[in-house]
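K.L.:
What follows is a structure written as structure tokens; I'll ask about it next.
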Amino acid sequence: MAPKLPPQHSLQHSSTAAAGGHSHHDHAAQPKGILRWVLTTNHKEIGSLYLIFSLTMFFVGGIFALVVRAELFQPGLQLIEPEFFNQMTTMHGLIMVFAAVMPAFTGLANWMIPLQIGAPDMALPRLNNFSFWLLPVAFTLLLSTLLMPGGGPNFGWTFYAPLSTTYAPASTTFFILALHIAGISSILGAINIIATILNMRAPGMRMMDMPLFVWTWLITAFLLIAVMPVLAGVITMMLMDINFGTSFFDAAGGGDPVLFQHLFWFFGHPEVYIMILPAFGIVSAIIPTFARKPLFGYASMVYATAAIALLSFLVWAHHMFIVGLPLTAELFFMYSTMLIAVPTGVKVFNWVTTLFRGSISFEPPMLFALAFVVLFTIGGFSGLMLAIAPADFQYHDTYFVVAHFHYVLVPGAIFAIMAGVYYWLPKWTGYYPNERLAQCHFWCSIVGVNLTFFPMHFAGLAGMPRRIPDYALQFADFNMLSSIGAFFFGASQLMFVLVVVMCVRGGKKAPAKAWEGAEDLEWSVPSPAPLHTFETPPVFNRTHHHD
Amino acid sequence: MSGGYYVPATSRWPILGSLALGAMMVGTGIKLVYDTGTPLMLIGMACVITVMGFWFRDVIHESMSGLYDAQMDRSFRWGMGWFIFSEVMFFAAFFGALFYVRTFAIPWLGGEGAKGVSALLWPDFVAQWPVLNPPDSSVAGPDSVLSPWQLPLVNTLILVTSSITLTVAHEALKLGERKTCRNWLAGTVLLGCCFIMIQGVEYYEAYNHYGITLEAGIFGATFFILTGFHGVHVIIGTLILTSMLIRIHKGHFAQDHHFGFEASCWYWHFVDVVWVGLFIFVYVF
Amino acid sequence: MHLSWQWLLTITSAFSITQAHANSWNMPVGVTDISQDIFGLHMAIFWVCVVIGVIVFGVMFYSLFKYRHSKGEKAANFHEHTSVEILWTAIPILILVGMAVPATATLKSMYDSSEADLDVMITGQQWRWRYEYLGEDVAFTSNMSTSRAQIRGEEARDEHYLLDVDEPLVLPINRKVRFLMTSDDVIHSWWVPELAVKQDTIPGFINENWVKINEPGIYRGQCAELCGVNHGFMPVVVHAMEEEEFEAWLAERKEAAEQEAMGVDREWEMEDLMARGETVYQTICSSCHQSEGQGAPPAFPALANNNQLISDLDWHMNRVINGVSGAAMPAFRSTLNPVEIAAVVTYTRNAWGNETGDVVQPATVAERIAQ
Amino acid sequence: MWSVVKSVLSALLGVQNDLKRQQDFSSGNPAAFIVVGIVITLVFVLILVGIAVIASR
């Protein structure tokens, strides 16, 4: 009988627990204090750095969002000028996408991928540290543009030319250079992750034995390497248009502003999946654990992820349905976009079927994962509506779109990150997170998220364009609700910080296998995971699954 | 080593490298926006190069002391392979821009195709490639374009030849004939330098005799961004090969274990392939 | 135009249409056939999502409730079932094909702007709309008329706060009107929800769209693409009227345009130019250069006490007529008529302490433009 | 060859029975799967373009 998947395995290695006992000459002279973190090549320390950076930026971007929501609390201009409003919406988007969500997933990848595949570290540890330290440099530069004469970027996180070229503030050149640094960081990080996954798996672990988080990250890393250079290319063209008089995006010289959008969204759509595929991986680890039942379709999950990634290269122009595409192109992109619903549906059905006839408990990671399934699916539904090109003529650039992508990003990507953090905190710190506080955080977040983003659907359908600092009176109620929800959600996240800090300092002790139903390799090393794990490769055994 | 995987000790190069890169970028930005800050840019660039030098020195050192096993070698291979793929995608963005403009934007502006009605705004514009008379009269197009069958053809032959000489050098290294390897590698570097010089002459000609400038509408823009970034890659490639030459001279590389050398070959071949694409789509068609 | 999938609309209409008219929670049904088709598509896909959601979330919450660990539920160990997987792949594909067919039909009719009765050129400008009735010699700009005082909360906000303009686009009902849309500066997007027209205006290119309005009325919308600092303050108002009424309006506007053209040849008094100039300045220029000419440097230079402006009339006229390439200042030679340009130049040269005493005559401006 | 095509097609749909997949992964040639995968993706894109062209007539 052929072995069945998903994998369950036993582990034969002895070195891990005794890692402290190994006096490895390379670790002899560990620098102390801050230098230890600055110079580190350890995947766990770098992972923590990524996560801390991401959390910090999550609050920075969150404060920008709250400035926006405060101004939109009621009609009229009360607190800030439209110019600053535009800078805030732009910076909120850029920071959340490039400095909060992406580094958070990279941090989780750093921490967990070597543990999940039985590797001692990332494939290229020094490069790994370089990838991280580029980020503070990039985002210090980006944030500093807010203080430059003429103000920071004010053209939205999508920075459409010519608003971002001919009509942009002087600081745009710095914005471009900052994005270049962040892009280099992402590309190097992705190369490292691919090399790790393809080359560092424990002996005996085949591709189809890898946990889904590893699989989704492998595909994500591929997407990153494929599209971040395209972003680098398009911002380079912007730089040339601004500083060297080229006319890539200027019809006067034979260019086309829409060319910018094609290139941007060729990057931008896969980028959207870069921010959600690892989330799928996390949720696919958590749901089977707390349902105490194997994932319904491991292989179809892998295939669906790959299919989504492939399709993501074919759908970019659905962000451009009203830009005046030729009819054939409009139809092509409508069809290809609608097709994405199929593999995405497969994923949701798989999660639900995994729950069916399980033995389900509701620890904090599970709560966030379940909320992810429901709310991400709602975001998927509005995505399906947006895929219908004629209807998109009405939805486009309204708050309906804002609602849609916040549903897939906040209770989608960010909830999955939080689920992952709660899930793996015992492995990182050796202690369980405070259950009551975590639950309180969960319920406040759920209420806050829905209060913030659900009314946006209505505001958008009723005709409110996005990115406006002031609005007509019929949108007042929806906006007031959203603003209240946003402040509530923002404040609730302080609880998250509290839980994490408390968990680092102590709490209920966690065993190696912190969750009853958890199966993957990371649960075979002690909690907290020692600084060095798997220095001798473990032997990975698939145990035959009983039917 | 007990067969374990080599995890390098702490290193100061990553953090110094990122600070250096940051300084270089800030300097570049100040230079572009406020027309000052050149020193910072140059210092940053020098620091980036220095850090890279030290970093690679460490890697070479570790490799020579036998700290790397076959698995580490594979990691480097995957790493370099995907890095080159990312470079391919970088050029793909520029090629994509070129194809888009030629297939869609220019015909539309000239009154053909699905958005041909746009020609109402540019009544005098005639769609053709290369665009010698951009839609708006305020943008001066090139006077004429370069013939592909002169310098560009010479450069194509040079680069293709250099790929062959490099392969010969690689084969020689595999056979352990280090002297042959050194000579052919030196030849490759020389060809690379020739290419760069000829490209320089061509740029001079383009600017001074053909009116092909960055400001010369979309033709100048696509021409310079494609050939320019390719040229930068040739310069980097030549520098890499030069350092390989020095390493050969110093007696580095084993017959069966020389990924540093191989990686530079990959890079050079990649640069070569990009040029062939350039030659076809920028010069010939 | 009615599609064969009208039944979908019928099923959904009982709830939705009344709902949509009664409040502003849903997309408006609109007043064109296209907008009604789109509304039908919107409600159809919405109900598809609701049904799928009810089923999926139903199973999910049933499982969460029924198979609780705390109730001692033992987990089953099944996984993978090829026919179930084929089923949940095939059914969505069928639903999608079912949606794609009517969507394609609607999209095709939206793209068919042939055989129009009237052509209107719509040009986005930071931050106003310019409308030109092609072949009719009628053109005007449409600026937001909501006062700054209302925005600042110093005055009570009226019913159409931010959605009022000085000159609405006037269109006839029951006639196919083709829009040619472009922009003078950045990308804008012309949107009126009740007409279901939302189209980006791309500088240097022209997009086409069309409407055939079924009911007279006033329809309001806004710019939908971020276009700079006053993006939130460039509303669209369409006044749809009966055909005869429209013809009368058009004739009146034509006559007014002729009158204006004659004004070019006449000698203007300073006060008249100043009065006219102030109106033009406040509607067109003040959004960047500010109402007192103080500007918003560095993007928008001050005009008050601007030495170059005061000392060089020629330079000043050139900037207004031809704009500044590579900067936000547009060329006004085709946007404003010679009278308006003369007036606004005269005004800026004599207001806020710019006491030059220069009087620029429309005839001079017309001459400059002709060069 | 046909079995490789079948496997890739079912992978695209996310449907494949376990036994078949085990066979593919133990005996299949990865290069063949990759080549067939790329070809099928291209064919898929062309079909979609074809449908769009026909529909836009």
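The values are calculated or read from the model by the stated rules, or taken from the named source; none is laboratory data. Predicted, not measured: the structure shown is a model, and the values here were computed from it. Neighbour counts run over all protein chains shown; Cβ positions are idealised from the backbone, glycine included.
K.L.:
Could you count how many residues in segment A:478-504 are free of Cβ contacts under 8 Å to residues at least 12 places away in the same chain and either under 15 Å from A:PRO426 (Cα atoms) or within 14 Å of chain C (Cβ to nearest Cβ) (or both)?
P.N.:
Within segment A:478-504, residues that are free of Cβ contacts under 8 Å to residues at least 12 places away in the same chain and either under 15 Å from A:PRO426 (Cα atoms) or within 14 Å of chain C (Cβ to nearest Cβ) (or both) number 1.
K.L.:
Given the structure, is C:PHE205 more than 7 Å from chain A (Cβ to nearest Cβ) and at pLDDT 95 or above?
P.N.:
Details: more than 7 Å from chain A (Cβ to nearest Cβ): no; at pLDDT 95 or above: yes.
So C:PHE205 fails the test.
K.L.:
Looking at A:VAL214, A:VAL272, A:VAL227, which one is away from chain C (no Cβ under 14 Å) and touching an Asp or Glu at 6+ places or on another chain (Cβ under 7 Å)? It would help to see each step written out before you state the result.
P.N.:
Details: A:VAL214 fails: touching an Asp or Glu at 6+ places or on another chain (Cβ under 7 Å); A:VAL272 fails: touching an Asp or Glu at 6+ places or on another chain (Cβ under 7 Å).
Only one candidate passes the filter, namely A:VAL227.
K.L.:
For segment C:127-201, which fully contained strands (runs of 3 or more DSSP E) count at least 3 residues that are under 25 Å from A:ALA168 (Cα atoms)?
P.N.:
The strands (runs of 3 or more DSSP E) meeting that bar are C:128-133, C:177-183, C:188-192, C:197-201.
K.L.:
Quick check on this structure: which one of C:GLN308, C:GLN361 is surrounded by 14 or more Cβ atoms within 10 Å (Cβ to Cβ) and not basic (Lys, Arg)? Steps first, please.
P.N.:
Values: C:GLN308 fails: surrounded by 14 or more Cβ atoms within 10 Å (Cβ to Cβ).
Result: C:GLN361 is the single residue among C:GLN308, C:GLN361 that is surrounded by 14 or more Cβ atoms within 10 Å (Cβ to Cβ) and not basic (Lys, Arg).
K.L.:
Please count how many residues of segment A:237-258 are touching a residue at least 60 places away in the same chain (Cβ under 8 Å) and part of a helix (DSSP H, G or I).
P.N.:
Number satisfying all stated conditions: 7.
K.L.:
Go through A:THR166, A:THR236, A:THR172 for me and flag whichever is of a type in the set (Ser, Thr, Tyr), within 14 Å of chain C (Cβ to nearest Cβ) and surrounded by fewer than 24 Cβ atoms within 10 Å (Cβ to Cβ).
P.N.:
Details: A:THR236 fails: within 14 Å of chain C (Cβ to nearest Cβ); A:THR172 fails: surrounded by fewer than 24 Cβ atoms within 10 Å (Cβ to Cβ).
Just a single option satisfies the conditions, and that option is A:THR166.
K.L.:
Restricting attention to segment A:442-464, report how many residues are more than 15 Å from A:PHE488 (Cα to Cα) and of a type in the set (A, V, I, L, M).
P.N.:
Residues that pass the stated criteria total 5.
K.L.:
With the requirement that a residue be in contact (Cβ under 8 Å) with a residue 40 or more places away in the chain and either within 7 Å of chain A (Cβ to nearest Cβ) or of a type in the set (Asp, Glu) (or both), what does segment C:37-88 give you?
P.N.:
C:ASP37, C:ILE38, C:LEU41, C:ILE45
K.L.:
Check B:HIS252 against each of (1) farther than 18 Å from A:ASN243 by Cα; (2) not in a loop (DSSP other than H, G, I, E, B) and name the one condition it does not meet.
P.N.:
Tallying (1) farther than 18 Å from A:ASN243 by Cα; (2) not in a loop (DSSP other than H, G, I, E, B), B:HIS252 fails exactly one: (2).
K.L.:
Turning to a different aspect of this structure: Tell me yes or no: at least one residue of segment A:311-323 is at positive phi, within 14 Å of chain B (Cβ to nearest Cβ) and in contact with a strand residue (DSSP E or B) (Cβ under 6 Å, 6 or more places away or on another chain).
P.N.:
Going through segment A:311-323, the residues at positive phi turn out to be none.
No: zero hits.
K.L.:
Filter segment A:327-364 for residues that are under 24 Å from the mean Cα position of the chain (by Cα) and part of a loop (DSSP other than H, G, I, E, B); which is nearest to the other protein chains (Cβ to nearest Cβ)?
P.N.:
The residue in question is A:PHE362.
K.L.:
Check C:GLN125, C:GLN150 and return the single one that is free of Cβ contacts under 8 Å to residues at least 24 places away in the same chain and either of a type outside the set (Lys, Arg) or surrounded by fewer than 19 Cβ atoms within 10 Å (Cβ to Cβ) (or both).
P.N.:
Going through C:GLN125, C:GLN150 in turn, the sole match is C:GLN150.
K.L.:
The conditions are (1) away from chain A (no Cβ under 14 Å); (2) within 23 Å of C:TRP25 (Cβ to Cβ); (3) crowded, with 24+ Cβ neighbours inside 10 Å, and C:LYS198 fails exactly one of them. Which is it?
P.N.:
Every listed condition holds for C:LYS198 apart from (1).
K.L.:
Considering each of B:ALA216, B:ALA186 in turn, give the residue that is modelled with pLDDT of 95 or more and either in the same structural domain as B:VAL154 (by TED's automatic domain parsing) or at positive phi (or both). Show your work before the answer.
P.N.:
Numbers: B:ALA216 fails: modelled with pLDDT of 95 or more.
The unique qualifying residue is B:ALA186.
K.L.:
Looking at B:TRP78, B:TRP82, B:TRP55, can you tell me which residue is within 9 Å of chain A (Cβ to nearest Cβ), more than 20 Å from A:THR173 (Cα to Cα) and in contact (Cβ under 8 Å) with a residue 40 or more places away in the chain?
P.N.:
On the way: B:TRP78 fails: in contact (Cβ under 8 Å) with a residue 40 or more places away in the chain; B:TRP82 fails: in contact (Cβ under 8 Å) with a residue 40 or more places away in the chain.
The conditions single out B:TRP55.
K.L.:
Just to be sure before I move on: is B:PHE253 away from chain A (no Cβ under 13 Å) and in contact with a Lys or Arg (Cβ under 8 Å, 6 or more places away or on another chain) in the structure I sent? I'd like the intermediate steps shown before the answer.
P.N.:
Values: away from chain A (no Cβ under 13 Å): yes; in contact with a Lys or Arg (Cβ under 8 Å, 6 or more places away or on another chain): yes.
Yes, satisfied.
K.L.:
Could I ask something else about it? For the condition under 14 Å from the mean Cα position of the chain (by Cα), touching a residue at least 12 places away in the same chain (Cβ under 8 Å) and surrounded by 23 or more Cβ atoms within 10 Å (Cβ to Cβ), what is the one hit in C:GLY232, C:GLY204? Steps first, please.
P.N.:
Values: C:GLY204 fails: under 14 Å from the mean Cα position of the chain (by Cα).
Step by step, each of C:GLY232, C:GLY204 is checked, and only C:GLY232 is under 14 Å from the mean Cα position of the chain (by Cα), touching a residue at least 12 places away in the same chain (Cβ under 8 Å) and surrounded by 23 or more Cβ atoms within 10 Å (Cβ to Cβ).
K.L.:
Would you be able to say whether some residue in segment A:86-104 is outside any helix (DSSP H, G or I), out of contact with any Leu (no Cβ under 7 Å at 6 or more places or on another chain) and farther than 18 Å from A:MET275 by Cα?
P.N.:
Of segment A:86-104, the ones outside any helix (DSSP H, G or I) are none.
Within segment A:86-104, not a single residue is outside any helix (DSSP H, G or I), out of contact with any Leu (no Cβ under 7 Å at 6 or more places or on another chain) and farther than 18 Å from A:MET275 by Cα.
K.L.:
Quick one: would you say B:THR103 is touching a residue at least 40 places away in the same chain (Cβ under 8 Å) and of a type in the set (S, T, N, Q)? Working first, answer last.
P.N.:
Values: touching a residue at least 40 places away in the same chain (Cβ under 8 Å): no; of a type in the set (S, T, N, Q): yes.
Here the answer is no, as B:THR103 does not meet what is asked.
K.L.:
Okay, moving on. Give B:GLY192, B:GLY211, B:GLY141, B:GLY200 a once-over and let me know the one that is exposed (fewer than 15 other Cβ atoms within 10 Å of the Cβ) and either in the same structural domain as B:ILE246 (by TED's automatic domain parsing) or farther than 30 Å from B:GLU112 by Cα (or both).
P.N.:
On the way: B:GLY192 fails: exposed (fewer than 15 other Cβ atoms within 10 Å of the Cβ); B:GLY211 fails: exposed (fewer than 15 other Cβ atoms within 10 Å of the Cβ); B:GLY141 fails: exposed (fewer than 15 other Cβ atoms within 10 Å of the Cβ).
Answer to the check: B:GLY200.
K.L.:
Okay, next question. Which residues, counting only those in segment C:207-229, are over 13 Å from A:PRO469 (Cβ atoms), without any contact (Cβ under 8 Å) to a residue 60 or more places away in the chain and buried (at least 21 other Cβ atoms within 10 Å of the Cβ)?
P.N.:
C:ASN207, C:GLY221, C:ALA224, C:GLU225
K.L.:
Condition check: at pLDDT below 85, farther than 30 Å from A:ILE414 by Cβ, of a type in the set (A, V, I, L, M, F, W, C) and crowded, with 18+ Cβ neighbours inside 10 Å. Does A:ALA28 satisfy that?
P.N.:
Values: at pLDDT below 85: yes; farther than 30 Å from A:ILE414 by Cβ: yes; of a type in the set (A, V, I, L, M, F, W, C): yes; crowded, with 18+ Cβ neighbours inside 10 Å: no.
No.
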